[in-house]
Amino acid sequence: MNDDGRCPGCGLAMPASTKLYDGYFHCSPECWSVFGEVLEAEFGNVLLFRKVHQLTVDTYAVQHAGGPHPDKSVGVHVVGLCLAHVHGIASPDIAPRLQVLASRTKEWPHFEAPVERVATTIFDVAAASTLDEHVERVRTWSREVWSNWALHHGAVRALAARALGGR
Ligand SMILES: [Zn+2]
(Lines give C-alpha, C1' and ligand atoms only; values in the text may rest on other atoms or scores of the structure.)
Protein backbone atom coordinates (compact mmCIF):
# COMPACT_ATOMS: atom_id res chain seq x y z
CA MET A 1 0.00 0.00 0.00
CA ASN A 2 1.13 3.55 -0.64
CA ASP A 3 2.12 5.77 2.26
CA ASP A 4 -0.92 7.99 1.83
CA GLY A 5 -3.28 5.05 2.33
CA ARG A 6 -4.65 5.17 -1.20
CA CYS A 7 -5.13 2.08 -3.30
CA PRO A 8 -2.30 2.05 -5.88
CA GLY A 9 -4.71 0.80 -8.55
CA CYS A 10 -7.92 2.80 -8.24
CA GLY A 11 -6.90 5.54 -5.81
CA LEU A 12 -9.55 4.60 -3.25
CA ALA A 13 -8.75 6.20 0.10
CA MET A 14 -9.73 4.08 3.10
CA PRO A 15 -8.74 4.19 6.75
CA ALA A 16 -5.65 2.06 7.31
CA SER A 17 -6.41 -1.32 8.85
CA THR A 18 -4.63 -4.50 9.84
CA LYS A 19 -5.94 -6.27 6.74
CA LEU A 20 -3.44 -8.15 4.61
CA TYR A 21 -3.35 -8.81 0.91
CA ASP A 22 -0.85 -11.16 -0.67
CA GLY A 23 -2.34 -11.59 -4.13
CA TYR A 24 -1.00 -10.09 -7.32
CA PHE A 25 -3.60 -7.42 -8.06
CA HIS A 26 -2.20 -3.92 -7.77
CA CYS A 27 -4.42 -2.95 -4.84
CA SER A 28 -4.48 -2.03 -1.18
CA PRO A 29 -5.68 -4.61 1.38
CA GLU A 30 -8.60 -2.30 2.22
CA CYS A 31 -9.70 -2.00 -1.42
CA TRP A 32 -9.41 -5.78 -1.85
CA SER A 33 -11.62 -6.30 1.17
CA VAL A 34 -14.35 -4.06 -0.31
CA PHE A 35 -14.09 -6.12 -3.51
CA GLY A 36 -14.60 -9.24 -1.37
CA GLU A 37 -17.82 -7.77 0.05
CA VAL A 38 -19.12 -7.02 -3.43
CA LEU A 39 -18.30 -10.55 -4.62
CA GLU A 40 -20.11 -11.97 -1.63
CA ALA A 41 -23.21 -9.96 -2.50
CA GLU A 42 -23.02 -11.22 -6.10
CA PHE A 43 -22.50 -14.85 -5.12
CA GLY A 44 -25.48 -14.54 -2.81
CA ASN A 45 -27.90 -13.28 -5.42
CA VAL A 46 -28.68 -15.07 -8.69
CA LEU A 47 -29.85 -11.92 -10.43
CA LEU A 48 -26.75 -9.93 -9.55
CA PHE A 49 -24.54 -12.85 -10.44
CA ARG A 50 -26.07 -13.28 -13.89
CA LYS A 51 -26.27 -9.62 -14.74
CA VAL A 52 -22.90 -8.29 -13.70
CA HIS A 53 -20.58 -10.73 -11.93
CA GLN A 54 -18.17 -11.17 -14.83
CA LEU A 55 -18.23 -7.44 -15.47
CA THR A 56 -17.38 -6.74 -11.84
CA VAL A 57 -14.41 -9.12 -11.86
CA ASP A 58 -13.06 -7.89 -15.20
CA THR A 59 -13.47 -4.22 -14.29
CA TYR A 60 -11.84 -4.62 -10.90
CA ALA A 61 -8.91 -6.52 -12.40
CA VAL A 62 -8.34 -3.98 -15.17
CA GLN A 63 -8.59 -1.05 -12.79
CA HIS A 64 -5.87 -2.78 -10.73
CA ALA A 65 -3.36 -3.38 -13.52
CA GLY A 66 0.24 -2.43 -12.81
CA GLY A 67 2.70 -3.47 -10.12
CA PRO A 68 2.92 -7.26 -9.78
CA HIS A 69 -0.26 -7.88 -11.80
CA PRO A 70 0.75 -10.39 -14.54
CA ASP A 71 0.23 -9.52 -18.22
CA LYS A 72 -1.89 -12.63 -18.74
CA SER A 73 -4.42 -11.64 -16.09
CA VAL A 74 -4.64 -8.04 -17.27
CA GLY A 75 -4.94 -9.24 -20.88
CA VAL A 76 -7.73 -11.72 -20.13
CA HIS A 77 -9.77 -9.25 -18.10
CA VAL A 78 -9.39 -6.31 -20.47
CA VAL A 79 -10.61 -8.56 -23.30
CA GLY A 80 -13.57 -9.34 -21.03
CA LEU A 81 -14.38 -5.63 -21.00
CA CYS A 82 -14.02 -5.44 -24.78
CA LEU A 83 -16.41 -8.39 -25.24
CA ALA A 84 -18.94 -6.65 -22.99
CA HIS A 85 -18.68 -3.08 -24.24
CA VAL A 86 -17.72 -3.46 -27.90
CA HIS A 87 -19.33 -6.79 -28.77
CA GLY A 88 -22.30 -6.57 -26.41
CA ILE A 89 -21.77 -10.07 -25.02
CA ALA A 90 -23.77 -10.79 -21.86
CA SER A 91 -21.89 -11.27 -18.59
CA PRO A 92 -22.45 -15.07 -18.25
CA ASP A 93 -21.27 -15.70 -21.83
CA ILE A 94 -17.93 -13.96 -21.40
CA ALA A 95 -15.98 -16.47 -19.26
CA PRO A 96 -16.13 -19.29 -21.87
CA ARG A 97 -14.76 -16.87 -24.49
CA LEU A 98 -11.95 -15.88 -22.16
CA GLN A 99 -11.07 -19.54 -21.71
CA VAL A 100 -10.80 -19.85 -25.50
CA LEU A 101 -8.56 -16.79 -25.55
CA ALA A 102 -6.31 -18.16 -22.80
CA SER A 103 -5.97 -21.50 -24.56
CA ARG A 104 -4.96 -19.77 -27.80
CA THR A 105 -2.48 -17.30 -26.36
CA LYS A 106 1.09 -18.16 -25.46
CA GLU A 107 2.59 -14.68 -25.25
CA TRP A 108 0.65 -11.86 -23.64
CA PRO A 109 1.22 -8.22 -24.52
CA HIS A 110 2.02 -5.83 -21.71
CA PHE A 111 -0.56 -3.09 -21.29
CA GLU A 112 0.63 -0.13 -19.28
CA ALA A 113 -2.17 1.09 -17.00
CA PRO A 114 -3.41 4.60 -17.88
CA VAL A 115 -2.00 7.37 -15.71
CA GLU A 116 -5.39 9.07 -15.43
CA ARG A 117 -7.84 7.34 -13.11
CA VAL A 118 -11.61 7.17 -13.30
CA ALA A 119 -13.53 8.53 -10.33
CA THR A 120 -15.66 5.44 -9.75
CA THR A 121 -14.30 2.57 -7.65
CA ILE A 122 -15.51 -0.69 -6.13
CA PHE A 123 -16.52 1.37 -3.10
CA ASP A 124 -19.33 2.99 -5.14
CA VAL A 125 -20.64 -0.47 -6.04
CA ALA A 126 -20.44 -1.64 -2.42
CA ALA A 127 -22.39 1.46 -1.34
CA ALA A 128 -25.35 0.72 -3.64
CA SER A 129 -28.53 0.35 -1.61
CA THR A 130 -30.61 -1.70 -4.04
CA LEU A 131 -29.91 -4.52 -6.50
CA ASP A 132 -30.77 -2.28 -9.45
CA GLU A 133 -28.37 0.33 -8.18
CA HIS A 134 -25.65 -2.29 -7.80
CA VAL A 135 -26.15 -3.41 -11.42
CA GLU A 136 -26.25 0.17 -12.70
CA ARG A 137 -23.12 1.17 -10.80
CA VAL A 138 -21.14 -1.83 -12.04
CA ARG A 139 -22.14 -1.00 -15.61
CA THR A 140 -21.21 2.68 -15.27
CA TRP A 141 -17.91 1.92 -13.53
CA SER A 142 -17.08 -0.72 -16.13
CA ARG A 143 -17.80 1.62 -19.06
CA GLU A 144 -15.63 4.31 -17.46
CA VAL A 145 -12.70 1.93 -16.97
CA TRP A 146 -13.02 0.60 -20.53
CA SER A 147 -13.10 4.17 -21.95
CA ASN A 148 -10.10 5.07 -19.84
CA TRP A 149 -8.13 2.35 -21.64
CA ALA A 150 -8.74 4.00 -25.05
CA LEU A 151 -5.01 4.01 -25.80
CA HIS A 152 -5.05 0.19 -25.88
CA HIS A 153 -8.42 -0.37 -27.57
CA GLY A 154 -6.88 -1.35 -30.92
CA ALA A 155 -4.57 -3.96 -29.43
CA VAL A 156 -7.28 -5.28 -27.12
CA ARG A 157 -9.74 -5.66 -30.02
CA ALA A 158 -7.12 -7.70 -31.86
CA LEU A 159 -6.77 -9.99 -28.84
CA ALA A 160 -10.55 -10.17 -28.50
CA ALA A 161 -10.77 -11.44 -32.08
CA ARG A 162 -8.90 -14.51 -30.86
CA ALA A 163 -11.58 -15.11 -28.21
CA LEU A 164 -14.33 -14.82 -30.82
CA GLY A 165 -12.77 -16.70 -33.72
CA GLY A 166 -14.06 -20.12 -34.76
CA ARG A 167 -12.26 -23.31 -34.02
ZN1 LIG B 1 -8.45 -0.23 -5.57
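The values are calculated or read from the model by the stated rules, or taken from the named source; none is laboratory data. From a predicted model like this one, the values you see are computed outputs, not experimental measurements. Every residue, glycine among them, receives a Cβ derived from its backbone with ideal geometry; neighbour counts consider all protein chains shown. These accessible areas exclude ligands, DNA and RNA; they are computed on the full protein's heavy atoms, side chains included. Shrake-Rupley method; radii C 1.70, N 1.55, O 1.52, S 1.80 Å.
Scan around A13 for amide H atoms under 5 Å from its own, H built in the peptide plane at 1.01 Å from N, and keep only partners 5 or more places away or cross-chain.
Here C7 satisfy the definition.
Determine the share of region 29-164's accessible area contributed by carbon and sulfur atoms, expressed in whole percent, with a 1.4 angstrom probe. Let's see the in-between values first.
Working: 3500 of 6440 Å².
Of all accessible area on region 29-164, carbon and sulfur atoms account for 54 percent.
Between G67, G80, G11, where does the largest GNM mean-square fluctuation fall for the chain, given springs only between Cα atoms within less than 10 Å?
Top of the fluctuation ranking is G67.
Step through the residues of region 144-155 one at a time and calculate ³J(HN,Hα) from phi using the Karplus curve (6.51 cos²θ - 1.76 cosθ + 1.60, θ = phi - 60°), rounding each to whole Hz and writing x for Gly and Pro.
Couplings: 4, 5, 4, 4, 5, 9, 3, 3, 9, 4, x, 5 Hz.
Quick one: net charge of V138's neighbours, Cβ under 14 Å, K/R +1, D/E -1?
Neighbour charge sum, excluding V138 itself: -3.
Would you mind working out the accessible area per residue for the chain, using a 1.4 Å probe, and quoting it in Å²?
Values: 8620 Å² over 167 residues.
That works out to 52 Å² for each residue.
Over region 55-167, calculate the relative contact order: mean separation of alpha carbon pairs under 8 Å at least 6 apart, over the residue count, as a percent. Walk me through the numbers on the way to the answer.
Numbers: 105 pairs, mean separation 42.3, N = 113.
Across region 55-167, relative contact order equals 37 percent.
Going by Cα centres, region 93-113 and region 1-42 are how many Å apart?
Using only Cα atoms, the two centres lie 25 Å from each other.
Please turn the phi angles of region 120-127 into ³J(HN,Hα) values with the Karplus equation 6.51 cos²θ - 1.76 cosθ + 1.60 (θ = phi - 60°), one per residue in order, whole Hz, x for glycine and proline.
3J(HN,Hα) across region 120-127, in whole Hz: 7, 9, 4, 4, 5, 5, 4, 7.
For K51, give me every one of the lysines with a C-alpha distance below 29 angstrom, ignoring sequence neighbours fewer than eight places off in its own chain.
The reachable lysines, counting only those whose Cα sits under 29 Å from K51, are K72.
What percent does the relative contact order of region 1-128 come to when contacts are Cα pairs within less than 8 Å and at least six residues apart? Walk me through the intermediate numbers first.
Numbers: 151 pairs, mean separation 34.8, N = 128.
Result for region 1-128 is 27 percent.
Take peptides 82-88, 92-98, 133-139, 58-64 and line them up by average Cβ neighbours within 10 Å, highest first, as a rough protection proxy. Provide the component values of the computation, followed by the final result.
Values: 82-88: 17.7, 92-98: 15.9, 133-139: 19.4, 58-64: 27.3.
Going by the mean number of other Cβ atoms within 10 Å, highest first, we get 58-64, 133-139, 82-88, 92-98.
Taking a quarter of the surface of the Cα convex hull of region 29-164, what do you get in nm²? Show your work: numbers first, answer last.
On the way: hull surface 31.0 nm².
Quarter of the Cα hull surface area: 7.8 nm².
Only Lys, Arg, Asp and Glu count, each charged at its Cβ (+1, +1, -1, -1), so figure out the dipole size of region 29-164 about its Cα centre, rounded to 20 debye.
On the way: 12 positive and 15 negative charges, 132 e Å.
It comes to approximately 640 debye.
Among F111, C31, A160, which residue has its Cα positioned farthest towards the positive end of the charge dipole of region 29-164, with +1 placed on the Cβ of Lys and Arg, -1 on the Cβ of Asp and Glu, and the dipole taken about the Cα centre?
Checking the options against the dipole of region 29-164, the answer is A160.
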